[in-house]
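This report concerns only the one structure given below.
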Amino acid sequence: MKSFTNVNPENRQEVVSLLKKVIEEGKTASLAGGGSDLLGMIKDDLVAPDVVVNLKDLEGLQKIEPHSQGVRIGGLVTLQELSQHPLILSQYTVLAEAAGTVATPQIRNVGTVAGNICQRPWCWYFRQGFPCFKHGGDRCYSVVGQNQLHAIFGGGPSFIVHPSDTAPALMALEARFRIAGPDGERVVPASEFFVLPREEVSRENILGPDEVLVEIELPPARQNVKSTYVKIMDREAWTHAVLSVAAVLEIDQGVCRKARIVLGAVAPIPWHLPHVERMLVGQRITADLAGDAGRAAVSRAQPLAKNGYKIPLTEALVRRTLISLAG
Amino acid sequence: MKPISRRSFLERSGTGMAAAAAIPALEVPTFQSQPQPAEERGREVHLKVNGKDHRVKVEDHWTLVEVLRDHLGLTGTRVGCDRGECGACTVLLDGKSLYACSYLAVWADGKEISTVEGLAEGDQLDPLQEAFIEHDGPQCGFCTSGQLMSAKALLNQNPNPTEEEARQALAGNICRCSNFNRYLEAVLATSGKGSSRG
Ligand SMILES: Cc1cc2nc3c(=O)[nH]c(=O)nc-3n(C[C@H](O)[C@H](O)[C@H](O)COP(=O)(O)OP(=O)(O)OC[C@H]3O[C@@H](n4cnc5c(N)ncnc54)[C@H](O)[C@@H]3O)c2cc1C
Ligand code: FES
Ligand code: FES
(Lines give C-alpha, C1' and ligand atoms only; values in the text may rest on other atoms or scores of the structure.)
(Ligands and ions follow the chains in the order given, each with its own letter.)
Protein backbone atom coordinates (compact mmCIF):
# COMPACT_ATOMS: atom_id res chain seq x y z
CA MET A 1 0.00 0.00 0.00
CA LYS A 2 1.19 3.50 -0.80
CA SER A 3 2.48 5.23 2.30
CA PHE A 4 0.65 8.00 4.13
CA THR A 5 0.60 9.60 7.54
CA ASN A 6 -2.09 8.48 9.96
CA VAL A 7 -3.42 11.00 12.46
CA ASN A 8 -5.68 10.35 15.44
CA PRO A 9 -7.68 13.49 16.30
CA GLU A 10 -9.66 13.40 19.54
CA ASN A 11 -12.60 15.63 18.76
CA ARG A 12 -14.54 16.96 15.81
CA GLN A 13 -13.04 20.47 15.91
CA GLU A 14 -9.64 18.89 15.62
CA VAL A 15 -10.77 16.90 12.57
CA VAL A 16 -12.03 20.01 10.83
CA SER A 17 -8.88 22.02 11.53
CA LEU A 18 -6.71 19.10 10.42
CA LEU A 19 -8.60 18.84 7.13
CA LYS A 20 -8.29 22.59 6.61
CA LYS A 21 -4.56 22.53 7.28
CA VAL A 22 -3.90 19.57 4.95
CA ILE A 23 -5.87 21.23 2.15
CA GLU A 24 -4.08 24.55 2.66
CA GLU A 25 -0.77 22.74 2.33
CA GLY A 26 -1.92 21.46 -1.07
CA LYS A 27 -2.15 17.86 0.18
CA THR A 28 -5.02 15.42 0.32
CA ALA A 29 -6.71 13.75 3.27
CA SER A 30 -9.10 10.81 3.59
CA LEU A 31 -11.30 10.14 6.58
CA ALA A 32 -11.27 6.63 8.02
CA GLY A 33 -14.07 5.25 10.18
CA GLY A 34 -13.52 1.50 10.16
CA GLY A 35 -11.40 1.78 7.03
CA SER A 36 -13.03 -1.30 5.47
CA ASP A 37 -13.77 0.59 2.26
CA LEU A 38 -11.00 3.19 2.38
CA LEU A 39 -8.03 0.83 2.72
CA GLY A 40 -9.15 -1.20 -0.29
CA MET A 41 -9.41 2.01 -2.31
CA ILE A 42 -5.88 3.00 -1.28
CA LYS A 43 -4.46 -0.46 -2.07
CA ASP A 44 -6.05 -0.32 -5.52
CA ASP A 45 -4.63 3.19 -6.12
CA LEU A 46 -8.10 4.66 -6.46
CA VAL A 47 -7.30 7.30 -3.86
CA ALA A 48 -3.86 8.35 -2.72
CA PRO A 49 -4.23 10.44 0.43
CA ASP A 50 -1.19 12.06 2.01
CA VAL A 51 -2.95 11.92 5.34
CA VAL A 52 -5.43 9.40 6.73
CA VAL A 53 -7.56 10.92 9.45
CA ASN A 54 -8.52 8.10 11.81
CA LEU A 55 -11.86 8.97 13.41
CA LYS A 56 -12.00 6.01 15.80
CA ASP A 57 -10.90 7.96 18.89
CA LEU A 58 -13.31 10.89 18.44
CA GLU A 59 -14.87 11.87 21.71
CA GLY A 60 -18.53 10.99 22.21
CA LEU A 61 -19.31 9.65 18.74
CA GLN A 62 -19.41 5.95 19.64
CA LYS A 63 -22.79 6.06 21.41
CA ILE A 64 -26.47 5.51 20.68
CA GLU A 65 -28.31 7.97 22.91
CA PRO A 66 -32.08 8.27 23.29
CA HIS A 67 -33.31 11.75 24.30
CA SER A 68 -36.58 13.68 24.27
CA GLN A 69 -36.39 14.57 20.57
CA GLY A 70 -35.47 11.11 19.36
CA VAL A 71 -32.23 9.17 19.20
CA ARG A 72 -28.73 10.43 18.52
CA ILE A 73 -26.39 7.95 16.83
CA GLY A 74 -22.70 8.83 16.83
CA GLY A 75 -21.14 8.47 13.40
CA LEU A 76 -18.57 6.01 14.74
CA VAL A 77 -21.14 3.51 16.02
CA THR A 78 -20.38 0.21 14.33
CA LEU A 79 -22.85 -1.66 12.17
CA GLN A 80 -22.68 -4.55 14.64
CA GLU A 81 -23.74 -2.30 17.53
CA LEU A 82 -26.50 -0.76 15.44
CA SER A 83 -27.87 -4.14 14.38
CA GLN A 84 -28.05 -5.42 17.96
CA HIS A 85 -29.09 -2.37 19.94
CA PRO A 86 -32.39 -3.14 21.74
CA LEU A 87 -33.97 0.27 21.08
CA ILE A 88 -33.01 0.27 17.38
CA LEU A 89 -34.19 -3.31 17.00
CA SER A 90 -37.58 -2.63 18.55
CA GLN A 91 -38.41 0.94 17.45
CA TYR A 92 -36.35 1.47 14.31
CA THR A 93 -36.31 -2.10 13.04
CA VAL A 94 -35.57 -1.14 9.43
CA LEU A 95 -32.23 0.34 10.48
CA ALA A 96 -31.16 -2.62 12.64
CA GLU A 97 -32.06 -4.98 9.81
CA ALA A 98 -30.23 -2.90 7.21
CA ALA A 99 -27.06 -2.72 9.33
CA GLY A 100 -27.28 -6.47 9.98
CA THR A 101 -27.29 -7.28 6.25
CA VAL A 102 -24.02 -5.48 5.50
CA ALA A 103 -21.19 -7.75 4.37
CA THR A 104 -19.90 -10.07 7.13
CA PRO A 105 -19.41 -10.08 10.92
CA GLN A 106 -15.78 -9.00 10.47
CA ILE A 107 -16.78 -5.93 8.43
CA ARG A 108 -19.74 -5.08 10.69
CA ASN A 109 -17.43 -5.16 13.72
CA VAL A 110 -15.26 -2.37 12.30
CA GLY A 111 -17.53 -0.66 9.74
CA THR A 112 -19.11 2.52 11.07
CA VAL A 113 -22.49 3.96 10.21
CA ALA A 114 -20.93 7.19 8.85
CA GLY A 115 -18.51 5.15 6.73
CA ASN A 116 -21.38 3.04 5.48
CA ILE A 117 -23.30 6.14 4.39
CA CYS A 118 -20.22 7.78 2.82
CA GLN A 119 -18.71 4.70 1.12
CA ARG A 120 -17.77 5.25 -2.50
CA PRO A 121 -19.60 3.47 -5.34
CA TRP A 122 -18.89 -0.20 -5.98
CA CYS A 123 -19.42 0.08 -9.74
CA TRP A 124 -16.94 -2.39 -11.19
CA TYR A 125 -15.52 0.17 -13.64
CA PHE A 126 -14.96 2.69 -10.85
CA ARG A 127 -13.32 0.08 -8.61
CA GLN A 128 -11.03 -1.01 -11.44
CA GLY A 129 -9.79 2.51 -11.96
CA PHE A 130 -11.38 3.13 -15.36
CA PRO A 131 -11.14 6.90 -15.98
CA CYS A 132 -14.89 7.41 -15.54
CA PHE A 133 -16.82 10.48 -14.34
CA LYS A 134 -16.29 9.43 -10.73
CA HIS A 135 -12.52 9.54 -11.24
CA GLY A 136 -12.73 12.91 -12.99
CA GLY A 137 -13.02 11.39 -16.48
CA ASP A 138 -15.51 12.16 -19.21
CA ARG A 139 -17.71 9.08 -19.51
CA CYS A 140 -19.59 6.33 -17.73
CA TYR A 141 -18.36 3.00 -19.07
CA SER A 142 -21.49 1.19 -17.97
CA VAL A 143 -23.64 2.95 -20.58
CA VAL A 144 -22.44 0.70 -23.38
CA GLY A 145 -20.72 -1.84 -21.14
CA GLN A 146 -21.64 -4.32 -18.42
CA ASN A 147 -24.52 -2.58 -16.69
CA GLN A 148 -26.31 -5.47 -14.96
CA LEU A 149 -26.00 -3.86 -11.54
CA HIS A 150 -26.45 -0.24 -12.58
CA ALA A 151 -29.19 2.36 -12.15
CA ILE A 152 -32.75 2.11 -13.44
CA PHE A 153 -33.73 5.46 -11.91
CA GLY A 154 -31.99 8.84 -11.79
CA GLY A 155 -29.01 7.80 -13.91
CA GLY A 156 -26.96 10.07 -16.14
CA PRO A 157 -24.35 11.04 -16.83
CA SER A 158 -23.08 8.40 -14.35
CA PHE A 159 -25.17 5.27 -13.75
CA ILE A 160 -23.72 4.06 -10.45
CA VAL A 161 -26.11 2.83 -7.78
CA HIS A 162 -25.76 4.04 -4.22
CA PRO A 163 -24.28 1.03 -2.42
CA SER A 164 -25.17 1.72 1.21
CA ASP A 165 -27.62 -0.52 3.04
CA THR A 166 -28.16 1.87 5.94
CA ALA A 167 -28.83 4.93 3.74
CA PRO A 168 -32.25 3.82 2.42
CA ALA A 169 -33.26 2.82 5.97
CA LEU A 170 -32.20 6.20 7.36
CA MET A 171 -34.03 8.04 4.61
CA ALA A 172 -37.17 5.99 5.29
CA LEU A 173 -36.90 6.90 8.99
CA GLU A 174 -36.57 10.61 8.10
CA ALA A 175 -33.20 10.80 9.82
CA ARG A 176 -31.16 13.99 9.86
CA PHE A 177 -27.40 14.14 9.45
CA ARG A 178 -25.17 16.45 11.50
CA ILE A 179 -22.16 17.68 9.57
CA ALA A 180 -19.14 19.47 11.03
CA GLY A 181 -17.18 21.86 8.83
CA PRO A 182 -15.00 24.96 8.95
CA ASP A 183 -18.02 27.22 9.52
CA GLY A 184 -19.45 25.19 12.37
CA GLU A 185 -22.11 22.50 12.21
CA ARG A 186 -25.20 22.06 10.07
CA VAL A 187 -27.99 19.50 10.16
CA VAL A 188 -29.62 18.31 6.94
CA PRO A 189 -32.40 15.81 6.28
CA ALA A 190 -31.10 12.51 4.87
CA SER A 191 -33.18 13.22 1.76
CA GLU A 192 -31.06 16.33 1.05
CA PHE A 193 -27.71 14.72 1.83
CA PHE A 194 -27.33 12.58 -1.29
CA VAL A 195 -26.85 14.17 -4.71
CA LEU A 196 -27.59 12.90 -8.18
CA PRO A 197 -24.77 12.78 -10.74
CA ARG A 198 -26.60 15.31 -12.88
CA GLU A 199 -26.11 17.83 -10.05
CA GLU A 200 -22.60 16.81 -9.05
CA VAL A 201 -20.96 13.96 -10.87
CA SER A 202 -17.78 13.40 -8.89
CA ARG A 203 -19.32 12.74 -5.48
CA GLU A 204 -22.40 11.08 -4.02
CA ASN A 205 -23.33 13.55 -1.29
CA ILE A 206 -23.10 17.19 -0.28
CA LEU A 207 -19.99 16.82 1.91
CA GLY A 208 -17.12 19.10 0.98
CA PRO A 209 -13.51 17.93 1.32
CA ASP A 210 -13.26 19.80 4.64
CA GLU A 211 -16.43 18.36 6.18
CA VAL A 212 -17.21 15.31 8.28
CA LEU A 213 -20.45 13.48 9.06
CA VAL A 214 -20.56 13.36 12.84
CA GLU A 215 -24.01 12.24 13.95
CA ILE A 216 -27.29 10.82 12.80
CA GLU A 217 -30.46 12.01 14.45
CA LEU A 218 -33.58 9.88 14.40
CA PRO A 219 -37.00 11.43 15.10
CA PRO A 220 -38.92 10.14 18.15
CA ALA A 221 -40.34 6.66 17.67
CA ARG A 222 -44.06 6.69 16.87
CA GLN A 223 -46.81 4.35 17.94
CA ASN A 224 -48.16 1.74 15.53
CA VAL A 225 -45.13 1.83 13.30
CA LYS A 226 -43.78 -1.26 11.61
CA SER A 227 -40.69 -1.22 9.48
CA THR A 228 -38.41 -3.57 7.63
CA TYR A 229 -35.43 -3.78 5.24
CA VAL A 230 -35.45 -6.44 2.56
CA LYS A 231 -32.29 -7.01 0.53
CA ILE A 232 -31.85 -9.10 -2.61
CA MET A 233 -28.32 -10.33 -3.27
CA ASP A 234 -26.78 -12.48 -5.95
CA ARG A 235 -25.54 -14.82 -3.20
CA GLU A 236 -26.52 -15.31 0.40
CA ALA A 237 -23.94 -13.22 2.22
CA TRP A 238 -21.04 -10.84 1.94
CA THR A 239 -22.19 -8.63 -0.83
CA HIS A 240 -23.95 -5.42 -1.71
CA ALA A 241 -27.61 -5.39 -2.65
CA VAL A 242 -28.72 -6.06 -6.20
CA LEU A 243 -31.85 -4.36 -4.99
CA SER A 244 -33.35 -3.48 -1.63
CA VAL A 245 -36.36 -1.81 -0.09
CA ALA A 246 -36.68 0.06 3.19
CA ALA A 247 -40.30 0.47 4.26
CA VAL A 248 -41.81 2.23 7.26
CA LEU A 249 -45.60 2.07 7.73
CA GLU A 250 -47.77 3.57 10.42
CA ILE A 251 -50.94 1.52 10.58
CA ASP A 252 -53.75 2.43 12.94
CA GLN A 253 -56.82 0.19 13.14
CA GLY A 254 -55.97 -1.38 9.83
CA VAL A 255 -55.56 1.93 7.99
CA CYS A 256 -52.22 3.22 6.77
CA ARG A 257 -51.63 6.68 8.29
CA LYS A 258 -48.14 7.29 7.04
CA ALA A 259 -45.74 5.48 4.70
CA ARG A 260 -42.11 5.91 3.71
CA ILE A 261 -40.65 3.68 1.02
CA VAL A 262 -37.09 4.00 -0.20
CA LEU A 263 -35.32 1.70 -2.65
CA GLY A 264 -31.64 0.81 -2.48
CA ALA A 265 -29.27 -0.11 -5.33
CA VAL A 266 -31.56 1.12 -8.11
CA ALA A 267 -30.34 4.73 -8.42
CA PRO A 268 -27.26 6.86 -7.72
CA ILE A 269 -28.95 7.91 -4.45
CA PRO A 270 -31.38 6.05 -2.17
CA TRP A 271 -34.56 6.27 -4.22
CA HIS A 272 -37.58 7.70 -2.41
CA LEU A 273 -41.07 6.90 -3.75
CA PRO A 274 -43.43 9.66 -2.57
CA HIS A 275 -46.01 8.94 -5.28
CA VAL A 276 -46.32 5.37 -4.03
CA GLU A 277 -46.61 6.55 -0.42
CA ARG A 278 -49.53 8.82 -1.40
CA MET A 279 -51.39 5.82 -2.81
CA LEU A 280 -51.17 4.06 0.55
CA VAL A 281 -52.06 6.79 3.04
CA GLY A 282 -55.67 6.63 4.25
CA GLN A 283 -56.10 3.12 2.80
CA ARG A 284 -56.18 -0.43 4.03
CA ILE A 285 -53.22 -2.20 2.49
CA THR A 286 -54.79 -5.10 0.63
CA ALA A 287 -53.01 -7.44 -1.78
CA ASP A 288 -54.56 -5.47 -4.66
CA LEU A 289 -53.34 -2.14 -3.36
CA ALA A 290 -49.88 -3.59 -2.72
CA GLY A 291 -49.88 -4.84 -6.33
CA ASP A 292 -50.80 -1.37 -7.61
CA ALA A 293 -48.07 0.12 -5.41
CA GLY A 294 -45.51 -2.30 -6.86
CA ARG A 295 -46.47 -1.33 -10.41
CA ALA A 296 -46.39 2.37 -9.56
CA ALA A 297 -42.96 1.95 -7.97
CA VAL A 298 -41.43 1.04 -11.33
CA SER A 299 -43.61 3.13 -13.64
CA ARG A 300 -40.81 5.64 -14.22
CA ALA A 301 -37.91 3.21 -14.49
CA GLN A 302 -35.43 3.66 -17.36
CA PRO A 303 -33.40 0.49 -17.69
CA LEU A 304 -30.09 0.13 -19.51
CA ALA A 305 -29.42 -2.79 -21.86
CA LYS A 306 -28.75 -5.42 -19.17
CA ASN A 307 -30.53 -4.35 -16.00
CA GLY A 308 -34.15 -4.59 -17.10
CA TYR A 309 -34.58 -7.58 -14.75
CA LYS A 310 -34.52 -5.10 -11.87
CA ILE A 311 -37.96 -3.82 -12.90
CA PRO A 312 -40.07 -6.92 -12.19
CA LEU A 313 -37.82 -7.63 -9.20
CA THR A 314 -38.51 -4.18 -7.74
CA GLU A 315 -42.21 -4.47 -8.45
CA ALA A 316 -42.46 -7.81 -6.66
CA LEU A 317 -40.25 -6.71 -3.77
CA VAL A 318 -42.36 -3.61 -3.07
CA ARG A 319 -45.59 -5.61 -3.31
CA ARG A 320 -44.40 -8.40 -1.03
CA THR A 321 -42.82 -6.09 1.52
CA LEU A 322 -46.04 -4.10 1.85
CA ILE A 323 -48.13 -7.23 2.23
CA SER A 324 -45.85 -8.70 4.88
CA LEU A 325 -45.65 -5.45 6.88
CA ALA A 326 -49.38 -4.77 6.72
CA GLY A 327 -50.37 -8.37 7.41
CA MET B 1 -24.33 -16.45 -22.13
CA LYS B 2 -22.99 -17.05 -18.67
CA PRO B 3 -24.36 -14.45 -16.27
CA ILE B 4 -21.80 -12.01 -14.95
CA SER B 5 -21.41 -11.44 -11.24
CA ARG B 6 -19.28 -8.79 -9.53
CA ARG B 7 -16.74 -11.46 -8.79
CA SER B 8 -16.51 -12.96 -12.28
CA PHE B 9 -16.24 -9.47 -13.77
CA LEU B 10 -13.28 -8.70 -11.56
CA GLU B 11 -11.66 -12.04 -12.31
CA ARG B 12 -11.98 -11.55 -16.05
CA SER B 13 -10.67 -8.07 -15.98
CA GLY B 14 -7.70 -9.18 -14.03
CA THR B 15 -8.08 -8.24 -10.36
CA GLY B 16 -10.43 -10.18 -8.10
CA MET B 17 -9.40 -12.68 -5.55
CA ALA B 18 -7.52 -15.27 -7.53
CA ALA B 19 -5.40 -12.76 -9.37
CA ALA B 20 -4.86 -10.57 -6.33
CA ALA B 21 -3.69 -13.57 -4.35
CA ALA B 22 -1.22 -14.51 -7.06
CA ILE B 23 0.35 -11.09 -7.46
CA PRO B 24 2.45 -10.90 -4.29
CA ALA B 25 4.25 -14.09 -5.24
CA LEU B 26 5.22 -12.71 -8.63
CA GLU B 27 6.19 -9.29 -7.44
CA VAL B 28 9.86 -8.44 -7.74
CA PRO B 29 11.06 -6.98 -4.47
CA THR B 30 11.87 -3.30 -4.79
CA PHE B 31 14.58 -1.67 -2.74
CA GLN B 32 14.85 1.99 -1.96
CA SER B 33 18.11 3.36 -3.29
CA GLN B 34 18.96 4.58 0.17
CA PRO B 35 17.09 2.44 2.64
CA GLN B 36 16.32 4.36 5.79
CA PRO B 37 17.28 2.64 9.00
CA ALA B 38 14.13 1.16 10.51
CA GLU B 39 14.49 3.14 13.74
CA GLU B 40 14.06 6.43 11.91
CA ARG B 41 10.80 5.51 10.31
CA GLY B 42 7.42 4.86 11.78
CA ARG B 43 6.25 4.88 15.34
CA GLU B 44 6.19 2.43 18.17
CA VAL B 45 2.94 0.66 18.90
CA HIS B 46 2.06 -1.57 21.80
CA LEU B 47 0.28 -4.75 20.81
CA LYS B 48 -0.77 -7.39 23.30
CA VAL B 49 -0.87 -10.52 21.18
CA ASN B 50 -2.13 -13.74 22.75
CA GLY B 51 -1.42 -12.26 26.17
CA LYS B 52 2.14 -11.28 25.37
CA ASP B 53 3.25 -7.63 25.16
CA HIS B 54 5.03 -6.49 22.02
CA ARG B 55 6.42 -3.06 21.26
CA VAL B 56 6.90 -2.82 17.52
CA LYS B 57 8.03 -0.01 15.30
CA VAL B 58 5.56 0.24 12.44
CA GLU B 59 4.94 2.50 9.49
CA ASP B 60 1.53 4.12 9.33
CA HIS B 61 0.43 2.29 6.19
CA TRP B 62 1.28 -1.20 7.43
CA THR B 63 -1.70 -3.43 7.98
CA LEU B 64 -2.15 -5.44 11.14
CA VAL B 65 -1.67 -8.71 9.26
CA GLU B 66 1.65 -7.50 7.82
CA VAL B 67 2.92 -6.76 11.32
CA LEU B 68 1.68 -10.04 12.76
CA ARG B 69 3.18 -12.15 10.00
CA ASP B 70 6.26 -10.28 8.84
CA HIS B 71 7.39 -8.61 12.04
CA LEU B 72 6.16 -10.84 14.86
CA GLY B 73 6.53 -14.10 12.92
CA LEU B 74 2.96 -15.16 13.63
CA THR B 75 2.33 -16.74 10.24
CA GLY B 76 -0.72 -18.75 11.31
CA THR B 77 -2.84 -15.80 10.18
CA ARG B 78 -3.06 -15.96 6.38
CA VAL B 79 -3.42 -13.47 3.57
CA GLY B 80 -5.68 -14.56 0.73
CA CYS B 81 -7.21 -11.56 -1.01
CA ASP B 82 -5.81 -8.66 1.05
CA ARG B 83 -9.15 -6.87 0.41
CA GLY B 84 -11.66 -7.98 3.06
CA GLU B 85 -13.11 -10.58 0.71
CA CYS B 86 -11.95 -13.98 1.94
CA GLY B 87 -11.50 -14.10 5.73
CA ALA B 88 -8.13 -15.87 5.81
CA CYS B 89 -6.71 -13.00 7.90
CA THR B 90 -9.38 -13.08 10.63
CA VAL B 91 -8.07 -12.25 14.12
CA LEU B 92 -9.76 -10.95 17.27
CA LEU B 93 -9.22 -7.39 18.44
CA ASP B 94 -10.48 -6.83 21.97
CA GLY B 95 -12.54 -9.98 21.48
CA LYS B 96 -14.19 -9.01 18.19
CA SER B 97 -13.34 -10.60 14.87
CA LEU B 98 -11.99 -8.45 12.07
CA TYR B 99 -9.99 -8.70 8.86
CA ALA B 100 -6.38 -7.94 9.78
CA CYS B 101 -5.64 -7.16 6.11
CA SER B 102 -8.09 -4.28 6.24
CA TYR B 103 -7.01 -2.67 9.50
CA LEU B 104 -3.93 -0.58 10.14
CA ALA B 105 -1.44 -1.73 12.76
CA VAL B 106 -1.34 1.82 14.21
CA TRP B 107 -5.08 1.57 14.86
CA ALA B 108 -4.46 -1.51 17.01
CA ASP B 109 -2.10 0.35 19.35
CA GLY B 110 -2.88 -0.59 22.95
CA LYS B 111 -5.35 -3.31 21.99
CA GLU B 112 -5.49 -7.02 22.75
CA ILE B 113 -5.17 -9.27 19.74
CA SER B 114 -5.84 -12.99 19.57
CA THR B 115 -4.50 -15.10 16.73
CA VAL B 116 -4.69 -18.79 15.99
CA GLU B 117 -1.33 -19.30 17.74
CA GLY B 118 -3.00 -18.41 21.03
CA LEU B 119 -5.69 -21.08 20.89
CA ALA B 120 -3.75 -24.12 22.10
CA GLU B 121 -2.13 -24.19 25.51
CA GLY B 122 1.12 -26.03 24.98
CA ASP B 123 0.12 -29.41 23.54
CA GLN B 124 -3.44 -29.01 24.67
CA LEU B 125 -5.55 -28.07 21.67
CA ASP B 126 -8.57 -25.82 22.01
CA PRO B 127 -11.84 -27.81 21.85
CA LEU B 128 -12.57 -26.04 18.56
CA GLN B 129 -9.29 -27.28 17.10
CA GLU B 130 -10.08 -30.81 18.31
CA ALA B 131 -13.50 -30.64 16.68
CA PHE B 132 -12.04 -29.25 13.43
CA ILE B 133 -9.77 -32.31 13.24
CA GLU B 134 -12.51 -34.71 14.28
CA HIS B 135 -14.87 -33.38 11.60
CA ASP B 136 -12.24 -33.15 8.85
CA GLY B 137 -12.67 -29.39 8.59
CA PRO B 138 -9.32 -28.49 7.05
CA GLN B 139 -8.72 -29.76 3.51
CA CYS B 140 -5.87 -27.68 2.10
CA GLY B 141 -5.99 -25.78 5.40
CA PHE B 142 -5.47 -22.31 4.03
CA CYS B 143 -8.69 -20.88 5.42
CA THR B 144 -8.57 -22.84 8.68
CA SER B 145 -7.01 -20.32 11.03
CA GLY B 146 -9.55 -17.71 9.91
CA GLN B 147 -12.41 -20.17 10.37
CA LEU B 148 -11.14 -20.97 13.87
CA MET B 149 -10.97 -17.33 14.88
CA SER B 150 -14.48 -16.58 13.61
CA ALA B 151 -15.76 -19.62 15.48
CA LYS B 152 -13.87 -18.54 18.60
CA ALA B 153 -15.42 -15.05 18.46
CA LEU B 154 -18.84 -16.63 18.18
CA LEU B 155 -18.45 -19.11 21.06
CA ASN B 156 -16.90 -16.48 23.35
CA GLN B 157 -20.06 -14.41 23.03
CA ASN B 158 -22.62 -17.11 22.51
CA PRO B 159 -21.54 -20.53 23.81
CA ASN B 160 -24.70 -22.21 22.51
CA PRO B 161 -25.43 -20.83 19.06
CA THR B 162 -28.22 -22.09 16.85
CA GLU B 163 -27.24 -23.51 13.49
CA GLU B 164 -28.37 -20.27 11.83
CA GLU B 165 -26.29 -18.18 14.23
CA ALA B 166 -23.25 -20.34 13.54
CA ARG B 167 -23.77 -20.03 9.79
CA GLN B 168 -23.99 -16.25 10.10
CA ALA B 169 -20.87 -16.15 12.24
CA LEU B 170 -18.86 -18.11 9.65
CA ALA B 171 -20.28 -16.23 6.65
CA GLY B 172 -17.20 -14.02 6.42
CA ASN B 173 -14.80 -16.92 5.81
CA ILE B 174 -14.52 -18.46 2.39
CA CYS B 175 -13.21 -22.00 1.99
CA ARG B 176 -11.96 -22.65 -1.53
CA CYS B 177 -12.06 -26.36 -0.82
CA SER B 178 -15.71 -25.75 -0.10
CA ASN B 179 -15.74 -27.62 3.19
CA PHE B 180 -18.24 -25.23 4.78
CA ASN B 181 -20.54 -27.94 6.13
CA ARG B 182 -17.76 -29.70 8.01
CA TYR B 183 -16.61 -26.47 9.62
CA LEU B 184 -20.18 -25.75 10.64
CA GLU B 185 -20.61 -29.26 12.08
CA ALA B 186 -17.39 -28.86 14.05
CA VAL B 187 -18.49 -25.55 15.54
CA LEU B 188 -21.89 -26.92 16.50
CA ALA B 189 -20.28 -30.03 17.97
CA THR B 190 -18.00 -27.88 20.12
CA SER B 191 -20.95 -25.92 21.40
CA GLY B 192 -22.64 -29.18 22.35
CA LYS B 193 -25.40 -28.74 19.78
CA GLY B 194 -24.36 -30.78 16.79
CA SER B 195 -24.23 -34.51 16.19
CA SER B 196 -20.72 -35.80 16.53
CA ARG B 197 -19.78 -38.01 13.63
CA GLY B 198 -17.76 -40.39 15.79
C1 LIG C 1 -16.14 -7.45 0.76
C2 LIG C 1 -16.97 -6.24 1.11
C3 LIG C 1 -18.37 -6.34 1.16
C4 LIG C 1 -19.14 -5.23 1.49
N5 LIG C 1 -20.51 -5.38 1.55
C6 LIG C 1 -21.29 -4.31 1.86
C7 LIG C 1 -22.72 -4.44 1.95
O8 LIG C 1 -23.27 -5.53 1.79
N9 LIG C 1 -23.45 -3.34 2.23
C10 LIG C 1 -22.89 -2.12 2.45
O11 LIG C 1 -23.61 -1.16 2.71
N12 LIG C 1 -21.53 -1.97 2.38
C13 LIG C 1 -20.72 -3.02 2.11
N14 LIG C 1 -19.35 -2.86 2.04
C15 LIG C 1 -18.77 -1.51 2.10
C16 LIG C 1 -18.16 -1.00 3.42
O17 LIG C 1 -17.05 -1.71 3.82
C18 LIG C 1 -19.14 -0.93 4.54
O19 LIG C 1 -20.23 -0.20 4.05
C20 LIG C 1 -18.67 -0.24 5.80
O21 LIG C 1 -19.78 0.11 6.59
C22 LIG C 1 -17.91 1.03 5.59
O23 LIG C 1 -17.68 1.61 6.88
P24 LIG C 1 -16.21 2.00 7.36
O25 LIG C 1 -16.38 2.75 8.63
O26 LIG C 1 -15.31 0.84 7.37
O27 LIG C 1 -15.83 2.99 6.17
P28 LIG C 1 -14.43 3.64 5.80
O29 LIG C 1 -13.69 2.74 4.90
O30 LIG C 1 -13.76 4.15 7.00
O31 LIG C 1 -15.00 4.90 4.96
C32 LIG C 1 -15.74 4.74 3.76
C33 LIG C 1 -15.74 6.09 3.01
O34 LIG C 1 -16.44 7.09 3.74
C35 LIG C 1 -15.58 8.15 4.14
N36 LIG C 1 -15.92 8.45 5.53
C37 LIG C 1 -15.77 7.61 6.60
N38 LIG C 1 -16.24 8.19 7.71
C39 LIG C 1 -16.69 9.42 7.35
C40 LIG C 1 -17.31 10.50 8.05
N41 LIG C 1 -17.56 10.43 9.37
N42 LIG C 1 -17.64 11.62 7.38
C43 LIG C 1 -17.41 11.70 6.04
N44 LIG C 1 -16.85 10.72 5.31
C45 LIG C 1 -16.49 9.59 5.96
C46 LIG C 1 -14.18 7.63 3.93
O47 LIG C 1 -13.27 8.67 3.64
C48 LIG C 1 -14.34 6.66 2.80
O49 LIG C 1 -14.32 7.32 1.56
C50 LIG C 1 -18.53 -3.97 1.74
C51 LIG C 1 -17.15 -3.88 1.71
C52 LIG C 1 -16.35 -4.99 1.40
C53 LIG C 1 -14.87 -4.84 1.39
S1 FES D 1 -6.83 -11.62 3.38
FE2 FES D 1 -8.80 -11.98 2.54
S3 FES D 1 -10.04 -10.94 4.00
FE4 FES D 1 -8.06 -10.39 4.61
S1 FES E 1 -9.61 -26.00 3.57
FE2 FES E 1 -8.85 -25.31 1.66
S3 FES E 1 -9.61 -23.31 1.60
FE4 FES E 1 -10.67 -24.12 3.24
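The values are calculated or read from the model by the stated rules, or taken from the named source; none is laboratory data. Quick caveat: nothing in here was measured; it's all calculated off a predicted structure. Note: ideal-geometry Cβ built from the backbone for every residue, glycine included; neighbour counts use all protein chains shown. Surface accessibility is based on the protein's heavy atoms, side chains included, excluding ligands, DNA and RNA. Shrake-Rupley method; radii C 1.70, N 1.55, O 1.52, S 1.80 Å.
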Exercise for the section: Would you mind listing the helices (runs of 4 or more DSSP H) fully within the stretch B:125-172 where at least 2 residues are at negative phi and touching a strand residue (DSSP E or B) at 6+ places or on another chain (Cβ under 6 Å)? Expected result: B:144-157
Exercise for the section: Quick one: which strands (runs of 3 or more DSSP E) lie wholly within the stretch A:164-259 and hold at least 2 residues that are more than 23 Å from A:Lys63 (Cβ to Cβ)? Expected result: A:225-232, A:243-252
Exercise for the section: Inspect the stretch B:117-132 for any residue being within 14 Å of chain A (Cβ to nearest Cβ) and within 16 Å of ligand 3 (Cβ to nearest atom) and give the result as yes or no. Expected result: no
Practice task
For residues that are part of a loop (DSSP other than H, G, I, E, B) and either surrounded by fewer than 23 Cβ atoms within 10 Å (Cβ to Cβ) or at the interface with another protein chain (Cβ under 10 Å from one of its Cβ atoms) (or both), scanning just the stretch B:87-107, find the one that is farthest from ligand 1 (Cβ to nearest atom).
Solution key: B:Gly95
Practice task
Working carefully through the options B:Val91, B:Val187, find the one that is within 14 Å of ligand 2 (Cβ to nearest atom), in contact with a helix residue (DSSP H, G or I) (Cβ under 7 Å, 6 or more places away or on another chain) and among the β-branched types (Val, Ile, Thr).
Solution key: B:Val91
Handout entry: Test: residue in the stretch B:35-42 that is at pLDDT 95 or above and open to solvent by 50 Å² or more (accessible area, probe 1.4 Å)
Key = no
Exercise for the section: Can you give me the ranges of the helices (runs of 4 or more DSSP H) entirely in the stretch A:72-159 with at least 3 residues that are away from chain B (no Cβ under 14 Å) and buried (at least 19 other Cβ atoms within 10 Å of the Cβ)? Expected result: A:93-101, A:113-118
Completion exercise
Reported set for the stretch B:151-178 where residues are among the polar types (S, T, N, Q), within 13 Å of chain A (Cβ to nearest Cβ) and within 16 Å of ligand 3 (Cβ to nearest atom) is B:Asn173
Fill in the blank from the handout: For the stretch A:1-48, the count of residues that are on the phi < 0 side of the Ramachandran plot, of a type outside the set (Val, Ile, Thr) and within 21 Å of the chain's Cα centre (by Cα) equals 12
